[in-house]
1. Provide a single number: the residues in region 249-268 that are open to solvent by 20 Å² or more (accessible area, probe 1.4 Å) and within 15 Å of ligand 1 (Cβ to nearest atom).
2. Restricting to region 178-213, count the residues that are away from ligand 1 (no atom under 12 Å from the Cβ), over 15 Å from VAL233 (Cβ atoms) and open to solvent by less than 30 Å² (accessible area, probe 1.4 Å).
3. Scan region 269-280 residue by residue and report those that are open to solvent by less than 20 Å² (accessible area, probe 1.4 Å) and either away from ligand 2 (no atom under 16 Å from the Cβ) or more than 21 Å from LEU258 (Cβ to Cβ) (or both).
4. Counting only residues that are in the same structural domain as ILE224 (by TED's automatic domain parsing) and aromatic (Phe, Trp, Tyr), give me the strands (runs of 3 or more DSSP E) lying completely in region 2-66 with at least 1 of them.
5. From the list LEU175, LEU218, exactly one residue is surrounded by fewer than 21 Cβ atoms within 10 Å (Cβ to Cβ), over 25 Å from SER134 (Cα atoms) and either modelled with pLDDT under 95 or in the same structural domain as ARG247 (by TED's automatic domain parsing) (or both). Which is it?
6. Kindly indicate the residue of region 312-329 that is more than 16 Å from ligand 1 (Cβ to nearest atom) and of a type in the set (A, V, I, L, M) and also most open to solvent (accessible area, probe 1.4 Å) among those meeting that condition.
7. If we keep just the residues of region 281-309 that are surrounded by fewer than 23 Cβ atoms within 10 Å (Cβ to Cβ) and in contact (Cβ under 8 Å) with a residue 60 or more places away in the chain, which is nearest to LYS260 (Cα to Cα)?
8. How many residues are open to solvent by less than 10 Å² (accessible area, probe 1.4 Å) and closer than 12 Å to PHE191 by Cβ when one looks only at region 222-236?
Amino acid sequence: MIIIMDEKASPDQIQSVVERLLDNGFDVHRSTGATQVVLGVVGDTHNVDLRDYEVMDGVHEAIRITDPVKLVSRTFKPENSIVKVGKVEFGGNKIAMVAGPCSVESRQQIKDIAAFVKKTGTHLLRGGAYKPRSSPYSFQGLGEEGLKYMREAADENGLAVVSEVMDRMDIIPALKYVDMIQVGARNMQNFALLKELGKLNKPILLKRGMSATLKELLQAAEYIMAGGNHDVVLCERGIRTFENYTRNTLDISAIPILKKLTHLPVISDPSHGTGIRDKVAPMARASVAAGADGLIIEVHYDPEKAMSDGAQTLYYEQYEQMLSELKIIATAVNRTL
Ligand code: PEP
Ligand code: MN
């Protein structure tokens, strides 16, 4: 259920509605729009008589939403949400860029890449320390040590850090080092993890599961928001289809669909979305043209020697070239880069 307050509702009137909802055992999430306040009511509202609220002073309308997504929906919040991570804003006019290696491999590796990322004007450094690998014999990441190296490298260059946690146990160590927590595709429906992340005051980058529908992605975001953490950025990273030329099929249509259904920022990951280095830039351009609020890109000084995902990782020159192309696309769709 959502309760839309009158444009002229006073703070006291809003507070009375909130208190009544809390007294009745509901969780209340407030969204303050340009003209009015909307209250998102979480809990079982089946037996609520909407008129009980509609007669209250300052209430414009009470609407029962049967759709399982409430807080992520544009009905709850019509304006775009902006999620801030360091100097980066996701969901504003500027396209947010995130770049770095697939995995943190050593202190020197992440230092070099962070300096490069900084030089290109990108302010958010990516790099995995806990790696979800298909084979247990593949490099599993440096764990907390990797996070330490990444934090050091980021601080030397004034960058913010995003890194994945795979397990609830990883959250506490990661909090010390990262500015944004990534939920990987394989964990999009790890509900226990999502619930924990919902309790944090830390932005979350939520990647679409490789066989998840858009509705399931939105429901996963709803888990995080229902816990009170509203700083969620969605990421289209490609899905499994019958096509096996590419590693995944980057679902570009997901971008405008999500932008219509939700106020949350939506970014694209053409690195995992294609798995092929020379397909990354064209799909990055297509993503920006389709309305993506940002891109996350794997880059390394020596992709051939990268310990994970080398085949989809850009060389430095390719990243720079891609940025100059993206500027043109961004201008064409009234955005900046
Ligand atoms: C990654 O970002 O390196 C990663 C493993 O992503 P995904 O969860 O999308 O596969
Ligand atoms: Mn990767």
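The values are calculated or read from the model by the stated rules, or taken from the named source; none is laboratory data. Keep in mind that what you see is a predicted model, and the values were worked out from it rather than measured. Cβ atoms come from the backbone with ideal geometry, glycine included; neighbour counts cover every protein chain shown. Remember, those area values only see protein heavy atoms, side chains included, never the ligands or the DNA or RNA. Shrake-Rupley method; radii C 1.70, N 1.55, O 1.52, S 1.80 Å.
1. The total comes to 2.
2. 1
3. Residue satisfying the conditions is GLY275 alone.
4. Once the strands (runs of 3 or more DSSP E) in region 2-66 are filtered for at least 1 residues that are in the same structural domain as ILE224 (by TED's automatic domain parsing) and aromatic (Phe, Trp, Tyr), nothing remains.
5. LEU175
6. ILE328
7. Selected residue: ASP309.
8. Number of matching residues: 1.
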